[in-house]
Amino acid sequence: MERSPVVDEFAKRHVVEIGNARVCYRKAGRGPVLVLLHGFPLSGLTWRKMIPALAQRFTCYALDLMGLGESTSLDAADLSSAGQATVFQRALAAQGVTSFALLGNDTGGWIARELALLDPARVTHLALMNTEIPGHRPPWIPFYQSVAGLPGSSFVFRRMLASRSIRRSAMGFGGCFSNLDLIDGEFADVFLVPIQASPERLASLFLFLQQMKFQRLDHFRELHGKLTMPVGFLWAADDPTFPEPIARGMVSQFPNVINFWSIPNAKLFMQEERPDAVAELALEFLEMTSS
């Protein structure tokens, strides 16, 4: 079977230099711009299964978050949530993007909110998938933040990533998939092996953890009220990282929520597990709120 031209288009890596930052992104499709922001510790490639559907209606830009994938910076501040938004605002402007919708999963949803706050006039829609919630702390991440960069931490993290049992546990990615078998094979090859193999990537990942401050996240209890663009929630119902009942409590903080879609039989990385269902709901949200 021949590969779709969209898949080949998305496979090409692009880079734009913004100050001290080097932003890696992938692009596919035609139409209004949709910016896709992934979670920790993935890259823009996590959207690969959704791109064939999304690219039929949108020009999709899948950015690697600063410090993850292949996006890097000499300035640690660029890896903070607000710093990432500033870099991405400039990167999109450098590509001639004047307006765009946002779709963010996990920490990409946090950074999507930062970008929407920074550039509200240009953001047409904000779609959030299982992402950080003010006042809530996801399992294990605060612990990883506390040990990142300590002597021996690189060795320990590489060993953890190499261990199938740890990868499939709650300490690893067990809370990210309903089907644990998806953690092995392609997912590990695309996202985990490159981190294991590169001391530079692992060091950048540690810096990312250190720069993402939950104190900043908690301010979004009030900052959500400034996000007046249409907002849609696409939530994996079985996610233990950002539980749906807690997420529903956040909805009232936004002034223009269109809908909260609950997706069964899925956890945090539902774009890996149920890409067709997620793409269908994302398109429904984007199309029902388009003029």
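Would a scan of the range 86-109 turn up a residue that is in contact with a helix residue (DSSP H, G or I) (Cβ under 9 Å, 6 or more places away or on another chain), without any contact (Cβ under 8 Å) to a residue 40 or more places away in the chain and not polar (S, T, N, Q)? No; the residues of the range 86-109 include none that is in contact with a helix residue (DSSP H, G or I) (Cβ under 9 Å, 6 or more places away or on another chain), without any contact (Cβ under 8 Å) to a residue 40 or more places away in the chain and not polar (S, T, N, Q).
For the range 12-46, the tally of residues that are among the small types (Gly, Ala, Ser), closer than 23 Å to Pro194 by Cα and over 18 Å from the mean Cα position of the chain (by Cα) stands at 1. Among all positions in the range 137-154, there is at least one residue which is charged (D, E, K, R) and farther than 18 Å from Phe191 by Cβ.
Search the range 164-180 for residues that are open to solvent by 50 Å² or more (accessible area, probe 1.4 Å) and pair each with any residue that is of a type in the set (A, V, I, L, M, F, W, C) when their beta-carbon atoms are under 7 Å apart and the residues are at least 6 apart or on different chains. Close Cβ pairs (under 7 Å, with a partner that is of a type in the set (A, V, I, L, M, F, W, C)) amount to Ile166/Met160; Arg168/Leu180; Arg168/Ile183; Met171/Trp140; Ser178/Ala266.
Of all residues in the range 64-110, those satisfying the criterion of being in contact with a Pro (Cβ under 8 Å, 6 or more places away or on another chain) and of a type outside the set (Ser, Thr, Tyr) are Leu68, Phe100, Ala101. Filtering the range 137-190 to residues that are assigned to a loop (DSSP other than H, G, I, E, B) and aliphatic (A, V, I, L, M) leaves Ala148, Leu150, Ala170, Met171.
Exactly one residue among Ala94, Ala85 is over 19 Å from Gly249 (Cα atoms), of a type in the set (A, V, I, L, M, F, W, C) and surrounded by fewer than 16 Cβ atoms within 10 Å (Cβ to Cβ), and that residue is Ala94. Please tell me if Leu54 is farther than 30 Å from His136 by Cα and under 18 Å from the mean Cα position of the chain (by Cα). When the stated conditions are applied, Leu54 passes them.
Scanning the range 150-170 for residues that are farther than 23 Å from Gln210 by Cα and basic (Lys, Arg) gives Arg164, Arg168.
Going by what's in this entry, would Glu132 be described as outside any loop (DSSP other than H, G, I, E, B), closer than 18 Å to His224 by Cβ, within 20 Å of the chain's Cα centre (by Cα) and not polar (S, T, N, Q)?
Criteria not met by Glu132.
In the range 183-200, is there at least one residue being under 22 Å from Leu103 (Cα atoms), touching a residue at least 24 places away in the same chain (Cβ under 8 Å) and crowded, with 19+ Cβ neighbours inside 10 Å? The answer is yes; a qualifying residue exists.
The values are calculated or read from the model by the stated rules, or taken from the named source; none is laboratory data. These numbers come from a predicted model, not from an experiment. As a convention, Cβ positions derive from the backbone with ideal geometry for all residues, glycine included, and neighbour counts pool all protein chains shown. Calculation scope for accessible area: heavy atoms of the full protein, side chains included, ligands and nucleic acids excluded. Shrake-Rupley method; radii C 1.70, N 1.55, O 1.52, S 1.80 Å.
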